Amino acid sequence: MIEKLVANARAIISYQVGLPLGCQRMRSLIYWLKPYEDLEFPVFDRYTNETRDLPTTSERLHCSRDALRRYDTRLVAINLEYREEVLDTCFDIIERFADRTESEINRR
């Protein structure tokens with residue numbers, strides 16, 4: 001499961017996934033890993049709480065163009081506010097866990 005945390009951190013940094021989906025995934029992974037690992041990465045909770053009332057995934061397909069423009073004005077501001085901290089945290093995750101996941105893969 002740690003390898004998924006590292007993979008998601010890499011996906012966020014490389015923009016393979018956007019901040020909304022990447023942060024949601026990270027929160028879920030951290031939730032499942034918390035009983036086994038000391039994981040304190042509150043930026044993902046804060047970001048998700050800020051975007052909770054905005055359509056950020058496939059629910060956007062049900063919004064009008066005008067509604068998306070209004071939502072995106074808020075979303076862009078939130079992304080700008082959290083982007084650096086999210087990316088720094090993703091780099092911290094990679095630095096902390098990448099070697100461990102690669103050594104586990106090599107043992108298989």
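Note down the relative contact order for the chain as a percent, whole number, built from C-alpha pairs under 8 angstrom at least six residues apart. Normalised by residue count, the contact order of the chain is 40 percent. A 1.4 Å probe run over the protein chains yields, for the chain, 65 Å² of accessible area per residue, whole-number rounding. Once Rg and Dmax of the Cα atoms in Å is calculated for the structure shown, the corresponding label among (i) 14.1, 42; (ii) 15.3, 53; (iii) 13.3, 48 turns out to be (ii). Among the GluC sites (Glu not before Pro) in segment 13-106, those placed in a DSSP loop whose Cβ has at most 15 other Cβ atoms within 10 Å are Glu37, Glu40.
Rounded to the nearest percent, how much of the accessible area of segment 1-43 (1.4 Å probe, protein heavy atoms only) is carbon and sulfur? Using a 1.4 Å probe with all protein chains present, segment 1-43 comes out at 56 percent carbon and sulfur. Shape class of segment 52-94 from the Cα gyration tensor (axes a ≥ b ≥ c, square roots of the eigenvalues): prolate, since a/c reaches 1.5 or more and a/b is larger than b/c. With the simple spin-label model, which puts each label point 7 Å out from Cα in the Cβ direction, the Thr57 to Ser28 separation comes to 0.5 nm.
Charge dipole of the chain (Cα centre as origin; +1 on each Lys and Arg Cβ, -1 on each Asp and Glu Cβ, all else neutral): 500 debye, rounded to the nearest 20.
The values are calculated or read from the model by the stated rules, or taken from the named source; none is laboratory data. Just so we're clear, the structure is a prediction, and the values are computed from it rather than from any experiment. With ideal geometry, Cβ positions are generated from the backbone for all residues, glycine too; neighbour counts draw on all protein chains shown. Heavy atoms of the whole protein, side chains included, go into the accessibility calculation; ligands, DNA and RNA do not. Shrake-Rupley method; radii C 1.70, N 1.55, O 1.52, S 1.80 Å.
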